[in-house]
Amino acid sequence: MTIATALMRRFALRGDIRGKVDEQEVLIFRKSFISRLKNSFDSSHLIDYVSRLVHACSALRQIFVVAAAVIIIAQVRAREPAGSTTQVAMPTISFKYTTLENGLHVYSVEDHASPTVAVQVWYHVGSKDDPNGRSGFAHLFEHMMFRGNEHLKPDTFDELTENVGGENNAYTASDVTVYHEVVPSNYLEPILWAEAERMSSLALNDANFSSERDVVKEEYRQRILADPYGEFSLAIEQKSFAAHPYKRPGIGNIAELDASQLPEVRAFHSTFYRPDNATLIVVGDFKPSDLEAWTKKYFGPVTKPAEKIPRVAVTEPSRKEDALSVSYSPKAPLPAFAVTYLAPSIRGDDAPALKLADTILSEGESSRLYQSLVYQQQIATRVSFDADLREDLGLLTFRIVLASGKSVADAEKALDAQLDNVLKNGVSADELKKAKNQFLTGKLRELQTDNGKANALGEAAVLYGDPERVNTDLAKIQAVTADQIKTVLNKYITGKKRVLIEYLPEAMKSAATPEQKRK
Ligand SMILES: [Zn+2]
């Protein structure tokens, strides 16, 4: 890191300049500059960063920053091949794959960079598989999986992970439920044993069922009821999907949780928590022969039920007309609204371009929507665009919280103007380049850890249905063109029906007639 060293020396030598600015600030600036440098893909990325930095600096520091930057950029340029189009070689994850006789999928990546190992078990069951009238079942079940069985105490997972400096947790998404641990490598065998134990049987009794149900209800109160916009988030999904179970609240709801019975929970375990519906992923410091022996020893005896695994067969119908849903809440401090369009499955070919559109439009304060609606027009306090792609289909969601004193109708017009602009004129080469850098930097950072690699592999294998995508997706992101972004946005938005969900402060309800309210 000769460039970084030179920069640091420059800072250290020029004590007179340093004396004029805050010591801490210099330190932060130096760190951030060096890390930007390490993570930059090319000099133009760096120039963009420096120009924003200079903008934010005092006159004295501007001279200094520019001088330091000129030297560094020249050196970075010298490293780049002439006419470089900034293609970065993406690391490949070389994984091994095997299936046990009972159908358990096993992916492994040997990596001895640190004496730790990441273990994940992905069950192909998520909140879309909640039984009818039982929203939150998959989520409740995730909690039950920590209650142990006749061999596993409720705190066994913590003992095997946190007590030895590791970690464990789980999450439930629409399509999957994932259990993950990172442990010192000599704890791999007991963790595999414990995961196999809870796959094979659970202590499901009234006492632990009702206590976990209370925990989930409390989570609902905290995450949905206590958040001023919690119910707005639920309404977006509920109103955007007409038929698909993605419309139901994955976190659960109090009435349906209260109505659930222990036998239903037992049935959920035997239906979905089975080896042929699970994918074990092990990444890190292990001996392949050990892993093979332990996997067979502990997961091998788990029986595979004869019944077929039920899958959601509902197809979301295409929208026939625009729809509007208005709700009022005493909790909403400022009006908010969302505009949604149906989007394709994450398994489809349009996913890379939609993900980059998401980054360009709303990632960070230099993104398009933030710059226009929050910074320049000051019509919104928050704005986002989310290409939320899932296994069966997705949603494109624009979401806005208004600035104080602004009208919902004006904000909707302002958003439409932004939307028209991007549909008609597309995105610029610079925006695209920056989005790729942002996106790829995040992905590359994720792939630096065992757990990150396991995540990426699990997503590819279970969610995308193609493990090879762990190695091909980043190249696809790099290959996306500005034209493709314009094309996919038009494909899913132009001429398509939208759902508009307004979530307004209670006071607006009595203030006007329905027609006037939205003015
Ligand atoms: Zn939970």
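The values are calculated or read from the model by the stated rules, or taken from the named source; none is laboratory data. The model shown is predicted, which means the values in this text are computed figures rather than measured ones. So basically every Cβ, Gly included, is an ideal-geometry build from the backbone, and we count neighbours across all protein chains shown.
Considering only residues that are closer than 13 Å to residue 432 by Cα and aliphatic (A, V, I, L, M), which ones fall in region 348-367?
Matches in region 348-367: 353, 354, 356, 357, 360, 361.
Being small (Gly, Ala, Ser) and more than 28 Å from the chain's Cα centre (by Cα): is that true of residue 203 here?
For residue 203, the condition - small (Gly, Ala, Ser) and more than 28 Å from the chain's Cα centre (by Cα) - is met.
List pairs: first in region 382-410 and touching a residue at least 40 places away in the same chain (Cβ under 8 Å), second among the basic types (Lys, Arg) and in a loop (DSSP other than H, G, I, E, B), Cβ under 9 Å, 6+ apart or cross-chain?
389/347; 391/347; 407/518; 407/519; 408/518; 408/519; 409/518; 409/519
For (1) more than 26 Å from the chain's Cα centre (by Cα); (2) more than 30 Å from residue 117 (Cβ to Cβ); (3) at pLDDT below 95, each residue gets a yes or a no:
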| position | (1), (2), (3) |
| --- | --- |
| 235 | no, yes, no |
| 249 | no, yes, yes |
| 265 | yes, yes, yes |
| 270 | yes, no, yes |
| 278 | no, no, no |
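Which condition does residue 251 not pass, out of (1) of a type in the set (A, V, I, L, M, F, W, C); (2) away from the ligand (no atom under 16 Å from the Cβ); (3) outside any helix (DSSP H, G or I), if it passes all the others?
The number of the failed condition is (2).
Taking the condition under 14 Å from residue 458 (Cα atoms), modelled with pLDDT of 95 or more and within 14 Å of the ligand (Cβ to nearest atom), does residue 123 pass?
In short, no.
Those residues that are within 16 Å of the ligand (Cβ to nearest atom) and either surrounded by fewer than 16 Cβ atoms within 10 Å (Cβ to Cβ) or assigned to a loop (DSSP other than H, G, I, E, B) (or both), I need them from region 220-247; list them, please.
221, 222, 223, 225, 226, 227 - these are the residues of region 220-247 that are within 16 Å of the ligand (Cβ to nearest atom) and either surrounded by fewer than 16 Cβ atoms within 10 Å (Cβ to Cβ) or assigned to a loop (DSSP other than H, G, I, E, B) (or both).
Can you pull out the residues in region 257-268 that are surrounded by 19 or more Cβ atoms within 10 Å (Cβ to Cβ) and either among the hydrophobic types (A, V, I, L, M, F, W, C) or assigned to a helix (DSSP H, G or I) (or both)?
Answer for region 257-268, where residues must be surrounded by 19 or more Cβ atoms within 10 Å (Cβ to Cβ) and either among the hydrophobic types (A, V, I, L, M, F, W, C) or assigned to a helix (DSSP H, G or I) (or both): 257, 265, 268.
Just checking, how many residues over region 269-288 are buried (at least 18 other Cβ atoms within 10 Å of the Cβ) and either at positive phi or of a type in the set (Lys, Arg) (or both)?
The total comes to 2.
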